[in-house]
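Throughout, read-outs are computed from the coordinates displayed, never taken from laboratory work. As the structure is a computational prediction, the values presented were derived from the model and not from experiment. Positions of Cβ are backbone-derived with ideal geometry, glycine not excepted, and every protein chain shown enters the neighbour counts.
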Amino acid sequence: MTIGFQGHHSDKMRISYKREGDGFQCDALCDNGFTYSVFFRNERPPAQHTRLGFSALHARSLWLLDQLKDRFHKVHVDNLYMSAKFAKGAWNLPTKVMVGGVTRTNDRGLPNHVLQEPVKKEQHLSVHGTIKAAVLEGDKDCPQLVALSIYDVKPVHFLTMHAESICWIQKKRPVWNPVKRCLDDITFLRCNVNNDYNFKMNAVDIADQLRNNYRMDHWLRNRKWWWSIYLWGMGVLLTNAYLVYRKLQDDAGVPNSRRLSHYDFLLEVGTAWVSANEEDIRQVRRRNRCKRKSSDAERSDSGSDNEDDRPQHTNDPSPCKKPKATSTFVTPSKPTVAPRVNDKGLHPQTGALRVRINHFNTFHCPQPIMNTETCCQLHRWALGRKNGCHGQMREKLLNCSICGVNLCIDCFKTFHTVEDLVAVKEDMKKQFLKAAGK
């Protein structure tokens, strides 16, 4: 995996063969797009593997394979990693990992009689489909290592420990027919080892593709190394969360029409994060205006008091100048109005009263109510405002010091503990009517 970075750092790598560009790189262990573990290449390789003679690349890869919890996993790797020595090292891990994949021909442990050399275009038909294979026997530390070469457009060489057989399988694919002017299915043969590699190899590419679909840093120039790695890690976590969501939907048998798409899933996560503890900017401005008005009123009051206490001088050097008469107008303070209780305001994440279920370092203290004309706002929300509907509950009322809502004693606990009040509105209505004797 590649993490793009435009700033300066000692561990920044020059990457000209990736679209992401220069930045940081890490080796990753993925399955169907889900990222299990990563190892950054700028970190020191594990010493327990380098002491055995493995390169830094293979030492990092063996560390990733050692993170697996179960034994006898089948892992497909790129031609950059695959070699006979690496296959032997993976098998000797406590997890007994069986690796396989396309390999290069130089110093990778391929036997000479398996190697195939490319031929000219005129001789291509004579060697197309040629298979050469060999099996390593007699080595207990690396049992059943298969070396395989297939001549397709050019010779392709494999090293694998999880090939149970080597055979041809029939495949179909649509091909354009210029005579019929439509797509026709044709049947062709493909080696089973090559087919497994084609369909099980690209787990890391799928993870990168899903992460890049709706990434949050498309328009950012990452000049801080920690910011670049943080955004990359956040994208990996969101991709893993989406794949877990899809797996749970598959297990539950939910049809695709009722599932969230990748975009909708990320939108829901982002909306929940933004609206979790965010306050409406209009409420902030309204509160600031009230603070400014109250501070101006206090300042004017203090100024008038100082003028009254100032001593009067009889010998005024300028008797022609008369003191100006000043009058101060104090804005009367309005009584505090309790927040409106409705379905929108009671939403646990986006409602104006979402603070009611927040008990972290917050104490919702009940306090007495001076206004005797008010009623329980939860009763009025559940039963309505009409006369005779028992929605005007005026007995044993308290006011919450944090929420500012007027509630009766019975509703105080329910209001501050039940997260989704809208879902239980009908049950509360029946309970209120039963208590009222209707």
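Overview of results
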| quantity | calculated |
| --- | --- |
| Ranking of Phe158, Phe72 by count of other Cβ atoms within 10 Å, fewest first | Phe72, Phe158 |
| Subset of Lys18/Lys85; Lys120/Lys154; Lys96/Lys247; Lys69/Lys140; Lys200/Lys247 violating a 21 Å alpha-carbon distance limit | Lys18/Lys85; Lys96/Lys247; Lys69/Lys140 |
| Among beta bridges that DSSP assigns inside the chain, antiparallel share in %, nearest 5 | 95 percent |
| Length gained when the stretch Arg289-Asn106 is fully extended (0.36 nm per residue, less Cα-Cα span) | 58.3 nm |
| Rounded to the nearest 20 debye, dipole of segment 338-438 from Cβ charges on Lys, Arg, Asp, Glu | 280 debye |
| Candidates Ala207, Ala423, Ala56: whichever shows maximal mean-square fluctuation once the chain is modelled as a Gaussian network with Cα springs under 10 Å | Ala423 |
| Degrees separating the helix 262-275 axis from the principal Cα axis of the chain, which is the longest one | 30 degrees |
| Loop-resident sites, segment 362-425, for chymotrypsin sites (Phe, Trp or Tyr not before Pro), counting at most 10 other Cβ within 10 Å (DSSP) | Phe363 |
| Degrees separating the helix 56-65 axis from the principal Cα axis of the chain, which is the longest one | 70 degrees |
| Choice from Thr271, Thr414, Thr372 showing the highest fluctuation, given a GNM over the chain with Cα pairs closer than 10 Å | Thr372 |
| Most mobile listed residue (Ala47, Ala147, Ala241) in the chain, GNM with C-alpha springs under 10 Å | Ala47 |
| Option label - volume of the Cα convex hull per residue in Å³ computed here, alternatives [x] 217; [y] 305; [z] 380 | [z] |
| Nearby aspartates and glutamates by direct alpha-carbon distance to Lys224 (threshold 14 angstrom, same-chain neighbours under 8 apart not counted) | Asp11, Asp22 |
| Calculated Rg and Dmax of segment 65-120 using C-alpha coordinates, Å | 13.4, 48 |
| Helix-derived mean residue ellipticity, 222 nm - over the chain, DSSP H n ≥ 4, -39500 (n - 2.57), to 500 | -10500 deg cm²/dmol |
| Check: the chain dipole with +1 on Lys, Arg Cβ and -1 on Asp, Glu Cβ, in debye | 1020 debye |
| Rounded to whole Hz, the Karplus (6.51, -1.76, 1.60) HN-Hα couplings of segment 8-18, x for glycine and proline | 10, 7, 5, 9, 5, 9, 7, 10, 9, 9, 10 |
| Gap separating the Cα centres of segment 4-41 and segment 75-105, nearest whole Å | 21 Å |
| Shape category assigned to segment 1-93 from the gyration tensor of Cα positions, a/c cut at 1.5 | prolate |
| Segment Thr350-Gln144, length gained on full extension (0.36 nm per residue, minus Cα span) | 68.2 nm |
| Distant-in-sequence amide H partners of Asp31 (H built 1.01 Å from N, under 5 Å) | Tyr36 |
| Cα gyration tensor, segment 338-438 - rounded (a/c under 1.5), prolate or oblate | oblate |
| Nearest 10 degrees, 0 to 90: helix 425-436 Cα axis against the chain principal axis | 40 degrees |
| Qualifying lysines (Cα of each under 19 Å from Cα of Lys291; at least 8 residues distant if same chain) | Lys334 |
| Straight-distance crosslink candidates among aspartates and glutamates, where the alpha carbon sits under 14 Å from Lys132 and sequence neighbours closer than 8 are dropped | Glu117, Asp152 |
| Point-to-point label distance, Lys132-Gln67, nm (Cα→Cβ direction, 7 Å offset) | 3.8 nm |
